[in-house]
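Have a look at the structure below before the remarks.
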Amino acid sequence: MNRIVVLCCILLTGTHAAGQRSAISVRDSAVIKQLFFEGLQDKLNENYAKSNESFSRITAIDAGNAAAWYEIALLNFRQNKMTEAEMAIKTAVNLEQDNLWYWKLLAELYKTTGNMNQLIPVFDQLIRLSPEQRNFYFDKANALSIAGKKAEALAAFDLLEKKFGPSASLDRAKRRVTADQQPADSMSLATLYVSQKNFPAAARILKNIESAHTADPLYFALSGDILYENGNLPGALRSYKKALKISDQLYGVWEKVLNIQILLGQYRQMIEMGEAALSVYPNQAILYYYMAFTLHRENQNDAALGNIRTALSLDGDNRELQALIFALQAEILIDERKPDAADAAFEKAITLDPRNYLIINNYAYYLALRNENLNKAVSLIDIAAKALPNDASIADTYALVLFKGGKYAIARTWIEKALGNKEAENNVYLEHYGDILFLLGEQDNALVQWKKSREAGNESALLKRKIDEKKYFK
């Protein structure tokens, strides 16, 4: 079943350093936690303005919240607001100088803007934090070359060869340094044009220097950006994959690849990408969560549960992430027809993070679907609705819980509220609306809503039967 909202599945950045900050009040801590989840949810829905507002409110309460500054930087980076992004990510790295992810985002920002002089010392930090990552050395040497510092670039490549041994790509890179510098300058200019969203100009430059950059990951990353902006998702995906084949340290490119695969519904390919990411970052619990989510979507529940177990064995101090993992485990167990085990997983998730109202919503929804323990479902959904009164999914769940309890008139109020929150074409909500109307005695109106649900993409056999026989069936 796919009901569970992918709430905050990108919790990559978030809560590791919470214990290192100055103590704040219990009330402020609760507010910050809720704002963080609201910000992540809005980010997933690409409501960047609202997401940025939530994270900015966090920094107003706790200026030392590095995770919030990182999210602000990431939001601005995605919207090409490079000045704002740079200010925010610099604040994050100053607060947490040993956070690899923060330095990686700063590196991506300087690559995008073509600021090689600022990029070079960032690679020094990345090398400090991860001295066995070959690509950090390689990318620093390339940055030196693009900045016109030929002698320093050659010295950096020599250090790379001494530490990791010779390679064909290293030889080609050295030849580029000693050859005409114009292609590197052109690459820097193309990067600048992409950052300014002048994609036609960037495309012209990349076309002219293609032969000199067949081993340059930045070239393929920029090409992917141009193809993506032109709506050519398959082409962008191919280009990004070429970049990752050359350098697996381009975190921004990993994110873009996964984003495109989600848009294209390529869950099997996402499994492959997840495995590739884990080969580089094998101790990241969030990656195992991604793998479990994707495997579940591919009906590989045994493998998904294996990744759940691994995820739960890592990053045990991150209660929010652990709660998400247990919530996903619950969804998988529901599909495996193990309701008691699923309920136990939900209970663990809520205990770990009692203010994750979307998990609470999902738990109430499944209890209502089973028509079991409705008093528990009512108490759960009431908590979620009070915390997030404008959430359409929560309103739909409230309607379903009331409907199962025979309170059809109040259920109608909640389902109409759900449909009014920019969800007028949601085929699940429309079917629920029809069910409620039928039991309120409005059979004709019920049929209208069921047909709307079908037109919106609901291919349920049960819905077809309702329409064909003009009758409600459980």
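Annotations for the structure displayed:
- For the range 428-458, taking the residues that are farther than 19 Å from Leu402 by Cα and under 28 Å from the mean Cα position of the chain (by Cα), the one that is surrounded by the fewest Cβ atoms within 10 Å (Cβ to Cβ) is identified as Gly457.
- Contacts under 8 angstrom Cβ, first residue in the range 396-420 being outside any helix (DSSP H, G or I), partner not aromatic (Phe, Trp, Tyr), 6 or more apart: Gly405/Leu374; Gly405/Val378
- Index of the failed condition, Phe123 passing every other in (1) touching a residue at least 12 places away in the same chain (Cβ under 8 Å); (2) more than 19 Å from Val253 (Cβ to Cβ); (3) hydrophobic (A, V, I, L, M, F, W, C): (2)
- Some residue of the range 68-87 being closer than 28 Å to Ser247 by Cα, of a type in the set (A, V, I, L, M), touching a residue at least 60 places away in the same chain (Cβ under 8 Å) and surrounded by fewer than 22 Cβ atoms within 10 Å (Cβ to Cβ): yes
- As a summary of the residue check, Gln249 satisfies the conditions (1) crowded, with 17+ Cβ neighbours inside 10 Å; (2) in a helix (DSSP H, G or I) except for the one numbered (2).
- Within the range 151-171, the set of residues being out of contact with any Phe, Trp or Tyr (no Cβ under 9 Å at 6 or more places or on another chain), surrounded by 14 or more Cβ atoms within 10 Å (Cβ to Cβ) and under 17 Å from His213 (Cα atoms) comprises Ala153 only.
- Leu295 vs. criteria exposed (fewer than 15 other Cβ atoms within 10 Å of the Cβ), more than 30 Å from Ala168 (Cα to Cα) and touching a residue at least 12 places away in the same chain (Cβ under 8 Å): no
- Condition met for Ala107 (farther than 19 Å from Pro217 by Cβ, among the hydrophobic types (A, V, I, L, M, F, W, C) and not assigned by TED's automatic domain parsing to the domain that holds Phe138): no
- Restricting attention to the range 327-344, the residues being without any contact (Cβ under 8 Å) to a residue 40 or more places away in the chain and more than 12 Å from Asn362 (Cα to Cα) number 9.
- Test set (1) more than 20 Å from the chain's Cα centre (by Cα); (2) modelled with pLDDT of 95 or more - Ser313 fails condition number: (2)
- Residue that is surrounded by fewer than 22 Cβ atoms within 10 Å (Cβ to Cβ), farther than 26 Å from Leu333 by Cβ and within 17 Å of the chain's Cα centre (by Cα), where the choices are Tyr281, Tyr228: Tyr281
- Screening the candidates Leu227, Leu206, Leu237 for the property of being outside the structural domain of Ile308 (by TED's automatic domain parsing), at pLDDT 85 or above, hydrophobic (A, V, I, L, M, F, W, C) and within 27 Å of Ala303 (Cβ to Cβ) yields one hit, Leu237.
- The range 91-120, subset among the polar types (S, T, N, Q) and without any contact (Cβ under 8 Å) to a residue 24 or more places away in the chain, residue surrounded by the fewest Cβ atoms within 10 Å (Cβ to Cβ): Asn94
- Residues that are surrounded by 16 or more Cβ atoms within 10 Å (Cβ to Cβ), of a type in the set (Gly, Ala, Ser) and under 26 Å from Val280 (Cβ atoms) do not occur anywhere in the range 41-60.
- For the range 254-268, a tally of residues being at pLDDT 80 or above and under 15 Å from Gly235 (Cα atoms) returns 7.
The values are calculated or read from the model by the stated rules, or taken from the named source; none is laboratory data. The shown structure was predicted, so the numbers you read here are calculated from the model rather than taken from an experiment. Neighbour counts run over all protein chains shown; Cβ positions are idealised from the backbone, glycine included.
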